[in-house]
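Let me begin by presenting the structure, written as structure tokens, before commenting on it.
Here, each number is a calculation from the coordinates, and none is a lab measurement. Since the structure is predicted, the reported quantities are computational estimates derived from the model, not experimental observations. Here the Cβ positions follow ideal geometry from the backbone for every residue, glycine too, while neighbour counts run over all protein chains shown.
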Amino acid sequence: MKRAQLIGLSVAGVAGLMAFVMTKGIVNKPQPQKQVTVEINKTEVLVARADIGLGQIAGEKDFKWQTWPADAVTPTFITRSQQSAQRELSGAIARAPILAGEPITAHKLIKPGQGGVLAAILPAGMRAISTKIKEETSVGRLILPNDHVDVILIRRLRTKGGGEEHVSDTLFRNVRVLALGQQIESKEGKKSTDGAANTATLELTPKQSELLALGASMGEISLALRSVADLAGESGPSSGNDINKQRGNAIRILRYGARSRAYGVN
């Protein structure tokens, strides 16, 4: 092959290789990404600036306006259209704990003049009633607000023979403790209540409140703490024995040196 032909073939080969490389680069070149901006319909709702505890009195500084998707706003939320809401809610009492960033709703707060702290956390239709407690009748004062207890009445009955019976009746089961003394909320990291508290405030129905007041006048009230594992599926206090009809579990004590005997104790 002549020298001129070899040079021509070499040039053609180099040109072809360069064309292949350039074509591959163009084909594999990443396509420019298009950024699509989607406008989301949004509004501003009133939320808690920081955690608000149960029974805490909130001020204007405890609230703030926060952007919120309009589709996620429910009728219970307070929106920017209610300009005076932040000022009107100043001094309101929290009926339940509110987390930072959580939307403020009307049912979570009670406005000034609508009731005190205890009235704010009391569910509709229920009553708060207090009973005396001491260390040996309240689980060594280890019961805390929002614990659930059984209410037991210990009373003495006189027998026909001149002796006495000590009778125990479980008046109510699964009763929520609203407060110990004036403490309505367990403090963070605190494992026991105020040792000076001598009253427990319980959440009962109107009829149960009457029975507790009657029972307290007949004998001594004791509180038995319930496990949190027993609370699943249960709601509200349930009645135990009827103190007007039931004799309950009894211990008979005979006077005048006679030997005591016990019966009916499980």
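Rounded to two decimals, what is the ratio between the C-alpha radius of gyration of segment 42-121 and 2.2 N^0.38 Å?
On the way: Rg = 11.9 Å, N = 80, 2.2 N^0.38 = 11.6 Å.
Cα Rg divided by the expected 2.2 N^0.38 Å: 1.03.
Given in Å, the Rg to one decimal and the Dmax to the nearest whole number for the Cα atoms of segment 39-88 are 11.9, 40. Here r is the Cβ-Cβ distance between Ala124 and Leu99 and R0 is 22 Å; the resulting FRET efficiency, rounded to 0.05, is 0.40.
At 0.36 nm per residue, minus the direct Cα-Cα distance, what do Glu135 and Leu17 gain on full extension? Give it in nm, one decimal, please. Don't jump to the answer; show the numbers that get you there.
Numbers: separation 118, 0.36 × 118 = 42.48 nm, distance 9.61 nm.
Separation in residues times 0.36 nm, less the Cα-Cα distance, equals 32.9 nm.
In percent, rounded to a whole number, the relative contact order of segment 42-121 is 39, using alpha-carbon pairs under 8 Å and six or more apart.
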